[in-house]
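The values are calculated or read from the model by the stated rules, or taken from the named source; none is laboratory data. Quantities reported herein were computed from a predicted structural model and do not represent experimental measurements. Methodologically, a virtual Cβ is constructed for each residue, glycine included, from the backbone with ideal geometry; neighbour enumeration extends over all protein chains shown.
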Amino acid sequence: MGDHEKYETVVGLEVHAQLLTDTKLFSGDSNRFGAEPNTHISPVTLGYPGTLPVLNKKAVAYAIKMGLACHSAIERHNYFARKNYFYPDLPKGYQISQHSVPVSKGGYIRISTASGDKKILLNRIHLEEDAGKSIHDRDPEFTCLDFNRAGVPLIEIVTEPCLSSGEEAAAYLTNLRRILRYLDICDGNMEEGSMRCDANISVRKKGENALGTKVEVKNLNSIRNVKRAIEYEALRMVETIEKGEAILQQTRSFDASNGTTFSMRTKEEANDYRYFPDPDLPPFQVTDEFLKIIEEDLPALPEELIERYTREYHLPIYDAEVITDDKETAAYFELLIKETGSFKASANWILGPVKSFLNGNNLSIREFPVHATVMASLILLVEKGKINFSIASSRIFPELARGAASDPLELAVRLNLLQTADEDLVHQWVVQALESMPEKVAEYKKGKKGLLGLFVGEVKKISKGKADPKLTNQLLIETLEK
């Protein structure tokens, strides 16, 4: 085994994200996923002679939206180039992409790991069309080609070589996917291929500035597998160097079944794609007016929401991060606080009973059956002392969640669950509780004041949760101090 502590890992990521436009990047063919093979095609998609591409304006807007969300500089004067290479699922024999002029340059995405906070620097975001799909397992004799994906609009988000671990890569991809989903420009589904990641990995001795020989790992279909591939490959490269052997510049693939990578092909030098400006597509300009419309359409993003929730609402950072994990949960939380004015109680309900119900039923917040206004009514019942949280979460919430009721107050009245502030009645419960544990009362009177909680719990049990907590505490102290 080599001395791994002498080395550091350097990673750059390339992420392709399919854009959620209705049609493809340069044709009117449908961009919907899951159709029968070769049904979303046309002469333009297949590159027949005499056909001309026409740029999808919405795809450009989506790419710019992502650039703005990543603090990038938007390129105003853009053009497309032809990237020439032969592959069976590339019907035209070239791919239309952006080469020397990407739609946005620079920028960053923040991450937070056990090692601390860090800005992951971006090199560029550019637009390009997707290739088709080669399918090798349908026929034992032939490779099948599905061109439905050909021409689908992509943005490629390229980082600088500034990540230093699989953990950082996982945190970056998690945040990147969250931003894509908040912007409603990509669903981020890696299993379906709508977000794909290639990792460029190298190692070098600590203190060195030059980058080591890199290996590109492709076919990574989950954030977890990106992390595993980087960790495995870094170890393999260190072991190779420590044996006195040279690192080969390769393209490798990841085998998720055993957590290892394997060589696909060796790269002796960079491919020559013979880029040149596409003669069929005129350059396009991003005007001030177009940019302003996109800027005004940007939603509040997780970074901004977390800052607001922690600074203005005084939520713990954990609460803020869980609530902003997806756009729909954050939107539900916003509705709750608008109705209740209670930030922490709303967060507690989302992170507690609501999250538990969704996880237990394998649902997303979009499928949660309790409308925010109904949920807010339940929270207010607790906040106003009409019922306690335990009763609300164990008796009323399940009824609302299964659709058996829609009015928390009416349900609480019907089930006789409302707390009472009737002093005589609560006093009776207090006396009953204290009489049931004379030894504990004697201990309390000798100075063991921590027993008050035990007495409160007994009153709660006797009253079946109906005793007002504040009045219970007050009457217990008065009775015990006599």
(request) Could you check residue 165 against (1) within 19 Å of residue 199 (Cβ to Cβ); (2) out of contact with any strand residue (DSSP E or B) (no Cβ under 8 Å at 6 or more places or on another chain); (3) at pLDDT 95 or above; (4) of a type in the set (Ser, Thr, Tyr) and say which number it fails? (result) (2)
(message) Being of a type in the set (Ser, Thr, Tyr), within 24 Å of the chain's Cα centre (by Cα) and closer than 17 Å to residue 10 by Cα is the requirement here; does residue 172 meet it?
(response) yes
(message) Residues to consider are 128, 75, 141; find the one that is farther than 30 Å from residue 11 by Cβ and among the charged types (D, E, K, R).
(response) 141
(request) Give the number of residues within segment 430-478 that are charged (D, E, K, R) and in contact (Cβ under 8 Å) with a residue 60 or more places away in the chain. (result) 3
(request) Identify all residues within segment 132-161 that are hydroxyl-bearing (Ser, Thr, Tyr) and within 30 Å of the chain's Cα centre (by Cα); write none if there are none. (result) 134, 159
(message) So in segment 279-310, with the set limited to residues that are buried (at least 18 other Cβ atoms within 10 Å of the Cβ) and not aliphatic (A, V, I, L, M), which one is modelled with the lowest pLDDT?
(response) 302
(message) Could you check segment 175-191 and list, in sequence order, the residues that are within 8 Å of the chain's Cα centre (by Cα) and more than 19 Å from residue 108 (Cα to Cα)?
(response) none
(request) Output the residues belonging to segment 382-394 that are touching a Leu at 6+ places or on another chain (Cβ under 6 Å) and either outside the structural domain of residue 352 (by TED's automatic domain parsing) or over 21 Å from residue 338 (Cβ atoms) (or both). (result) 387, 391
(message) Being surrounded by 15 or more Cβ atoms within 10 Å (Cβ to Cβ) and either more than 35 Å from the chain's Cα centre (by Cα) or in a helix (DSSP H, G or I) (or both): is that true of residue 405 here?
(response) no
(message) Filter segment 184-193 down to the residues that are surrounded by fewer than 20 Cβ atoms within 10 Å (Cβ to Cβ) and under 19 Å from residue 61 (Cβ atoms) and list them by number.
(response) 184, 187
(request) Those residues that are more than 19 Å from the chain's Cα centre (by Cα) and closer than 15 Å to residue 225 by Cα, I need them from segment 192-206; list them, please. (result) 199, 200, 201
(message) Would you confirm whether or not segment 84-93 contains a residue that is at pLDDT 95 or above, part of a loop (DSSP other than H, G, I, E, B) and among the aliphatic types (A, V, I, L, M)?
(response) no
(request) From the list 124, 149, pick out the single residue that is assigned to a loop (DSSP other than H, G, I, E, B), assigned by TED's automatic domain parsing to the domain that holds residue 49, crowded, with 18+ Cβ neighbours inside 10 Å and at pLDDT 95 or above. (result) 149
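Here is a yes/no grid of residues against (1) of a type in the set (A, V, I, L, M); (2) in the same structural domain as residue 352 (by TED's automatic domain parsing); (3) not in a helix (DSSP H, G or I):
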site	(1), (2), (3)
380	yes, yes, no
431	yes, no, no
447	no, no, yes
452	yes, no, no
461	no, no, no
474	no, no, no
(request) Please determine, by comparing only the residues of segment 336-392 that are surrounded by 15 or more Cβ atoms within 10 Å (Cβ to Cβ) and among the polar types (S, T, N, Q), which one is modelled with the lowest pLDDT. (result) 388
(request) Could you tell me which residue of segment 1-33 is surrounded by the most Cβ atoms within 10 Å (Cβ to Cβ), considering only residues that are in contact (Cβ under 8 Å) with a residue 40 or more places away in the chain and farther than 29 Å from residue 216 by Cβ? (result) 27
(message) Cβ-Cβ under 8 Å, sequence separation 6+ or interchain: first residue in segment 116-138 and touching a residue at least 24 places away in the same chain (Cβ under 8 Å), partner part of a strand (DSSP E or B) and of a type in the set (Phe, Trp, Tyr). Which pairs?
(response) 120/108; 121/108; 122/108
(message) Yes or no: segment 48-65 includes at least one residue that is under 17 Å from residue 147 (Cα atoms), in the same structural domain as residue 29 (by TED's automatic domain parsing) and among the β-branched types (Val, Ile, Thr).
(response) yes
(request) Taking the residues in segment 209-259 that are closer than 23 Å to residue 16 by Cα and of a type in the set (Val, Ile, Thr) as candidates, determine which candidate is surrounded by the fewest Cβ atoms within 10 Å (Cβ to Cβ). (result) 251
(request) Take residue 111 and decide whether it is in contact (Cβ under 8 Å) with a residue 60 or more places away in the chain and in the same structural domain as residue 165 (by TED's automatic domain parsing). (result) yes
(request) Identify all residues within segment 40-63 that are small (Gly, Ala, Ser) and either part of a loop (DSSP other than H, G, I, E, B) or modelled with pLDDT under 95 (or both); write none if there are none. (result) 42, 47, 50
(request) Hey, could you check segment 311-335 for residues that are in a helix (DSSP H, G or I) and among the hydroxyl-bearing types (Ser, Thr, Tyr) and say which is surrounded by the fewest Cβ atoms within 10 Å (Cβ to Cβ)? (result) 318
(request) Go through segment 203-275 and tell me which strands (runs of 3 or more DSSP E), entirely inside it, have 2 or more residues that are in contact with a Lys or Arg (Cβ under 7 Å, 6 or more places away or on another chain) and within 21 Å of residue 167 (Cβ to Cβ). (result) 215-220
(request) Please tell me if residue 283 is closer than 27 Å to residue 127 by Cα and in contact with a His (Cβ under 8 Å, 6 or more places away or on another chain). (result) yes
